[in-house]
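What follows draws every value from the coordinates through simple rules; no lab data is involved. Given the structure is predicted, the values throughout are model-derived calculations rather than measurements. Using ideal geometry, Cβ is built from the backbone for each residue, glycine included, and neighbour counts are taken over all protein chains shown.
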Amino acid sequence: MSPTDQAVVASRKNDPANNPMNTSAVSVSIIIPALNEGKMIGRCLESLTLMDYPRDGFEVLLVDNGSRDNTIAIAESYKDRLNIRIMQKTGVRISGLRNLGAQQSRGDILAFLDADCLAPRDWLNRIRELAPADGAGVLGAHYLLPDESTWIGRTWHRYQEAPKSGEVSHVPAGDLIMRRKDFLKIGGFDESIQTNEDYELCERVRKAGMPVRAFPAIGVVHLGTAQSLRVFFRKQAWHGTHVVKVFLRNMFGSHNLKAVLFAVYTLLCIVAMIAGLAWAAAGSGLWLLPLAASMMLLLPPIALSMRQVLASRKWFDFFPLTALYLIYGVARAKALLTISNFF
């Protein structure tokens with residue numbers, strides 16, 4: 001029997017659903033944080049009603065951060081089709097919502113799902129098959145792409161968010177699975193940060209000697225995938241909020257190093273370009289400086305795009321991907337301008 005098979009067997013032996021002495025049949029707790037998700041939560045919960053899995057074998061915990069729309073009303077309408085509990089905790093970050101759900105859960109396996117994600121019918125069965133034994137860390141998957149995606153969503157997903165398998169730096173919190181015992185042991189998500197909480201959790205899991213692995217078979221469709229340049233910029237700026245804060249905790253061992261350096265380089269190029277334009281406009285006549293700064297700004301996006309397009313042989317992706325890398329760099333540079341993001 002392979003180590004993987006042994007882990008699966010151990011997982012099933014320890015699973016409450018397979019323990020005849022267990023008073024609860026719930027083996028998986030699906031935790032969904034929410035804030036004004038009225039447009040998405042219905043589709044998310046509907047996908048869970050279609051699970052090819054015993055209804056009494058899983059529970060859904062919706063943890064709401066004080067929604068002012070119809071999120072709660074929609075969730076309550078599913079009480080006759082799902083084993084769902086609705087909790088509220090206002091004034092906290094998304095990590096606090098997830099942690100509350102974990103603390104109140106009954107399942108041995110925690111499955112974190114975002115309100116703008118759709119789970120496939122076999123999601124829970126796949127999780128049960130892959131769920132590691134205690135002490136085996138994190139498993140999850142990078143997001144799947146909605147069918148109606150634009151070139152922006154398709155291009156970025158193809159090169160940055162395409163399903164990865166095996167050992168990874170992190171998996172997104174919208175499709176992250178852990179044993180409840182392990183999750184509580186390491187302290188759950190860090191409630192002091194607004195973003196990058198999934199990566200920070202995975203870093204602590206690795207420090208505790210446990211692996212972080214991705215399995216495309218348990219991927220979920222992310223309806224929140226950016227489909228316009230405006231939304232792409234806004235999302236990247238928001239995701240960059242606390243990347244530097246997490247990076248500063250472990251500068252020499254962080255997988256965030258490349259992202260931080262890219263943001264810093266982009267910011268310096270923009271500053272040089274603006275300063276050069278101001279100097280030239282003031283009468284120096286040295287228009288070469290802002291031109292050089294502009295070229296320096298484009299170098300990393302061009303180099304990154306060229307390397308990936310050469311590997312994929314999809315030559316038509318070069319210009320779209322270069323544009324997205326440029327916008328990504330500018331968005332992450334914007335996040336550096338807020339001093340509170342560092343501390």
Next item on the list: Select from the range 228-321 those trypsin sites (Lys or Arg not before Pro) which occupy a DSSP coil region and have at most 12 other Cβ atoms within 10 Å, ordered by residue number.
Entry: 313
Check: Cα atoms only, the chain: Rg and Dmax in Å?
Finding: 22.1, 84
Check: Loop-only check: which trypsin sites (Lys or Arg not before Pro) in the range 34-93 are DSSP coil with at most 16 other Cβ within 10 angstrom?
Finding: 39, 68, 79, 81, 89
Next item on the list: Find the centroid of the Cα atoms in the range 158-214 and in the range 59-89, then give the distance between the two in whole Å.
Entry: 25 Å
Note to self: With n ≥ 4 as the cut-off for DSSP H runs, can you work out [θ] at 222 nm for the chain, using -39500 (n - 2.57) per run divided by the number of residues, rounded to the nearest 500?
What the structure shows: -14000 deg cm²/dmol
Next item on the list: May I ask you to list, by number, the DSSP H helices of the chain whose Cα span along the axis is at least 30 Å and whose average Kyte-Doolittle hydropathy reaches -1.0 or more?
Entry: 257-279, 288-312
Notebook entry, point to check: Stretch residue 185-residue 122 to full length: gain in nm at 0.36 nm per residue minus the Cα-Cα span?
Noted result: 19.8 nm
Notebook entry, point to check: From a point 7 Å beyond the Cα of residue 323 in the direction of its Cβ, which residues of the range 221-235 have a backbone N at a distance under 15 Å?
Noted result: 227-233
Check: What Kirkwood hydrodynamic radius, in Å, does the range 39-171 give when the mean of 1/r is taken over all pairs of distinct Cα atoms and then inverted?
Finding: 16.5 Å
Next item on the list: Determine, for the range 195-343, the count of lysine pairs separated by eight or more sequence positions (or lying on different chains) whose alpha-carbon distance falls under 17 Å.
Entry: 4
Notebook entry, point to check: Looking only at the range 175-207, which residues have a backbone nitrogen under 11 Å from a spot 7 Å from the Cα of residue 90 in the C-beta direction?
Noted result: none
Note to self: Taking 8 Å as the Cα distance limit and 6 or more residues as the minimum spacing, I'd like the relative contact order of the chain as a percentage.
What the structure shows: 16 percent
Item checked: Potential lengthening between residue 337 and residue 147 on full extension [0.36 nm per residue; Cα-Cα distance subtracted] -> 64.8 nm
Margin query: Once the cut-off is 19 Å, how many percent of the Cα-Cα pairs in the range 257-342 end up in the long-distance tail?
Written below: 47 percent
Item checked: Percent antiparallel among DSSP beta bridges (both partners in the chain, rounded to 5) -> 40 percent
Next item on the list: Please find the FRET efficiency linking residue 249 to residue 79, where r is the Cβ-Cβ separation and R0 is fixed at 51 Å, and quote it to the nearest 0.05.
Entry: 0.80
Next item on the list: Mind checking the full-extension length gain between residue 238 and residue 169? Use 0.36 nm per residue of separation minus the Cα-Cα distance, one decimal, nm.
Entry: 22.8 nm
